[in-house]
């Protein structure tokens, strides 16, 4: 029970940290600009490339790119929160002086990640909806997304199922940030670039050279995006649950391994004085 309260307290603090600098509706609207711009950019690039190269323009492929880019932006906006939160705590001398949780900073990091997930889900879905209508008017074509109660439910399940993988990635990056200062601010950007290539956000990972393609195909992030496409574009429920099961299994493995690494890094950080509960 204490752990649950700590996580929710950290999540509420994260929402206050991320939204309270202005009115929440304005803050959410501003946060939706980045995923909207990302989705519009890659979609227009696809449209421009096909119409000027003799390739037949495919609305289904436009939907493929639109959904992938939006979901990538969603993951990228909250998977790096552990690293940012830890870097802030170190550089602002917060960790040595503030009692974070009853047991471990891992609970604090989990709470901050959940708050960022809630915010990112809201802004990303809003960006996807606005981009869909904007592209339909700008390109004079319909984006063939399947919007039904069932597909929306499947989308929600996929979003939640990807939390362990995103939190696991965050713990790995957070473990590095706990006791290292070099690249701690820029490392998430490097990983984000790799994730865009390997997660199937813009193109199928099968086009990558073997064995890289095999590894990229079974990344939980790749399967998360694939499951969402199965729900919103292809209406393939069987493929959806197959991808979702791999996403969940891979995410739990990643979370377990990363949590072990993070706790080991935390023990070292406490020993070195980066985190010291005795000063609380």
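Results for (1) within 22 Å of residue 129 (Cβ to Cβ); (2) touching a residue at least 12 places away in the same chain (Cβ under 8 Å), shown as yes or no for each residue.
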{"site": "3", "(1), (2)": "no, yes"}
{"site": "6", "(1), (2)": "no, yes"}
{"site": "36", "(1), (2)": "yes, yes"}
{"site": "51", "(1), (2)": "no, no"}
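Within segment 194-229, how many residues turn out to be surrounded by 14 or more Cβ atoms within 10 Å (Cβ to Cβ), part of a helix (DSSP H, G or I) and without any contact (Cβ under 8 Å) to a residue 60 or more places away in the chain?
Of the residues in that region, 10 qualify.
Residue check: is residue 69 at pLDDT 90 or above and either farther than 16 Å from residue 174 by Cβ or crowded, with 17+ Cβ neighbours inside 10 Å (or both)?
In short, yes.
If you go through segment 123-135 one residue at a time, how many are more than 20 Å from residue 231 (Cα to Cα) and either loosely packed, with under 14 Cβ neighbours inside 10 Å or out of contact with any helix residue (DSSP H, G or I) (no Cβ under 6 Å at 6 or more places or on another chain) (or both)?
So the answer is 1.
Quick test of your reading of the structure: residue 263 fulfils all but one of (1) closer than 30 Å to residue 147 by Cβ; (2) more than 18 Å from the chain's Cα centre (by Cα); (3) in contact (Cβ under 8 Å) with a residue 12 or more places away in the chain. Name the failing condition by number.
Answer for residue 263: the failing condition is (1).
The values are calculated or read from the model by the stated rules, or taken from the named source; none is laboratory data. Keep in mind that what you see is a predicted model, and the values were worked out from it rather than measured. Neighbour counts are summed over all protein chains in view; Cβ atoms, including those assigned to glycine, are modelled from backbone coordinates with ideal geometry.
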